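The values are calculated or read from the model by the stated rules, or taken from the named source; none is laboratory data. Here the structure is a predicted model, which is why all the values come from computation and not from measurement. Ideal geometry is used to build each Cβ from the backbone, glycine not excepted, and the neighbour counts take in all protein chains shown. Keep in mind that these areas ignore ligands, DNA and RNA; they rest on the heavy atoms of the full protein, side chains included. Shrake-Rupley method; radii C 1.70, N 1.55, O 1.52, S 1.80 Å.
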Amino acid sequence: MGNAAKVKNQGTVLSVASECVPLVKTGGLADVVGALPDGLALTGWHLKTLLPAYPGLAERIKKPKVVWSSKNLFGGCAQVISGKTANSDGALDMLLLQAPHLYDRGGSIYLNTKGNDWPDNAQRFAALSWAAAEISRKGLSDGWRPNILHAHDWQAGLAPAYLAYGGAKDVASLITIHNIAFQGLAPATLLKTLKLPRKHFVQDGFEYWGKISSLKAGLMTADAITTVSPTYAQELLEPEFGMGLEGVIRLKRDRLSGILNGVDLKTWNPRTDAHIAHAYGPRDLAAKSKNTRALEKEFGLIKGQGPLFAVISRLTHQKGLDLVLDTLPALLARGGRLIVLGSGDAGMEKAFAKAAKDHPGLVAVTIGYDEAQSHRIYAGADVMMVPSRFEPCGLTQLYALRYGTLPLVSRTGGLADTVIDANNAAVQTAVATGVQVAPNRSDSLEQGIRRMCDLFAKQELWVKLQKRAMAQPLGWEQSAQAYSELYQSLKK
Ligand code: ADP
């Protein structure tokens, strides 16, 4: 980072997560963990990111050096290699935890080949957390040691706990909740295996209805808690969103803040995106239409009167995509067409595949995960649908804004914080960037679809909205500043 060299050094951070772009991604967590180091470098913080060495990752680390080792990390030998990996900004400082007995296997990072959670996921991510706490406490063999341990989600939730239980007076800890729905529950019989002190297996500790909760452990012990949007931070205080942890969140509310995720502006830029056929920007939106035609061709869709709607998502209850199926007749009746790229619940995969079969030329579905295709859809679609029941931040609507693809979102979490509804006042004052609807209601989504179609029919206005969407500042500057100030306030 050229600019970072001129910035005053503020300190060091060990960022710990189960996924990180560009090495491994299943969702937004990876994008954020991968983008944080560059964002924070501009504020003077140096981050190293600790990640499990899943198959094939070590080969992507340049000039790897062994900087930490253990003869027995939860049942086998382990070591950490340090080195750089290429990212959109040049390079990312990585620490990979090599523990073949835990990470060297087929399937996906969380699931076996049958699609079930690995039975030893508790051990796999406790090991990651244990290594993080040890590194924070004693440093790497090359002398590097963090001022701040920054844990992400339940997979790193035990890291602040191990740090607190083992004592480390000069390292502060922070946990970020990217999604409270995933809490890392394990049976109490694993207490000893996970090296957790029995005395903290209580309601005031990491016990959750008779089980071990890794996320709760992190929330109870970290010096600060963040989540990825201000609205989600507020929502987490309520039972509807806190998913059983609202009491813990309320208890710790003075440590909680919401910091919106940013976007890696280099990766997500329709002007330079290597995945799309026709580069464009806000001043030549005609080239966006060429991407639309290319997308229609790729998916075998006919040209329609209405907008081309798209979904790029995990197909789960959280994402509210059953509501898209409910409202499909209304969408088609208004001349809309629909592209879906996603995977997840078997029932929902089937239902979308059936919708495509029932409406050839109008609905097209890719079941699977395809990064390159996702870029082509962001560029070619007119409307991105994100009707989530809850959404901690959401990145799909942010990428859509960047590509002039207007988001149709539910009014919750980060969606409410990042999309400005095209009501009359917002249109007249030229601030609108999309459409918001009430969450979890088909009638409201249907109305949103109608409003989108009406806006689309007024092409001049539509282009204004697109330009406004593309001008919305989405980079890391503001969020990095907020993290920087928080790190500074925690530094011991
Ligand atoms: P979550 O992390 O809850 O899944 P986010 O909106 O925060 O949701 O992030 C989703 C990320 O995953 C985005 O980068 C989106 O483009 C990407 N994504 C989701 N599903 C797919 C898919 N099937 N193929 C390619 N990218 C996908």
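Observations on the model:
- Put a plus charge on the Cβ of each Lys and Arg, a minus charge on the Cβ of each Asp and Glu, and nothing anywhere else: the dipole of region 286-470 about its Cα centre is then about 480 debye.
- Straight-distance crosslink candidates among aspartates and glutamates, where the alpha carbon sits under 15 Å from Lys62 and sequence neighbours closer than 8 are dropped: Asp93
- When each of Lys357/Lys467; Lys319/Lys357; Lys266/Lys467 is checked by Cα-Cα distance, pairs over 29 Å: Lys357/Lys467
- Ordering of 218-225, 260-267 by packing [mean C-beta count within 10 Å, highest first]: 218-225, 260-267
- Considering helices alone, the calculated mean residue ellipticity of the chain at 222 nm is -10500 deg cm²/dmol, with DSSP H runs of length four and up weighted by -39500 (n - 2.57) and normalised per residue.
- From the C-alpha gyration tensor of region 286-470, square roots of 5λ in Å: 22, 19, 15
- Anchor Lys192: aspartates and glutamates whose Cα lies under 17 Å away (excluding residues fewer than 8 positions away in-chain): Asp120, Glu207
- Reducing region 431-492 and region 262-288 to their Cα centroids gives an inter-centroid distance of 18 Å.
- Förster radius 45 Å - calculated FRET efficiency between Thr272 and Asn116 (Cβ-Cβ, nearest 0.05): 0.65
- Label-to-label distance, nm, for residues given as Ala181 and Lys252 (7 Å Cα→Cβ offset): 2.1 nm
- Under 30 Å from the Cα of Lys199 - lysines, other chains or at least 8 residues apart: Lys71, Lys138, Lys169, Lys211, Lys216, Lys252, Lys491, Lys492
- Phi to ³J(HN,Hα) by Karplus 6.51 cos²θ - 1.76 cosθ + 1.60 over region 485-491, Hz, x for Gly, Pro: 5, 5, 3, 4, 5, 8, 3
- Between region 335-349 and region 184-201, the Cα center-to-center distance that results, in Å: 39 Å
- Among beta bridges identified by DSSP and lying wholly in the chain, the antiparallel ones come to about 30 percent.
- The label-point distance for Thr189 and Trp209, in a model that sets each label 7 Å from Cα toward Cβ, rounds to 2.0 nm.
- Gained length - Arg60 relative to Leu237, 0.36 nm times residue gap less alpha-carbon distance: 59.6 nm
- Ranking His178, His46 from most to least accessible surface, computed with a 1.4 Å probe over the protein chains only, gives His46, His178.
- Using the Cα coordinates of the chain, the gyration tensor eigenvalues translate into equivalent-ellipsoid semi-axes of 39, 24, 22 Å, sorted from longest to shortest.
- In this structure Met348 has an accessible area near 20 Å², from a 1.4 Å probe over the protein heavy atoms.
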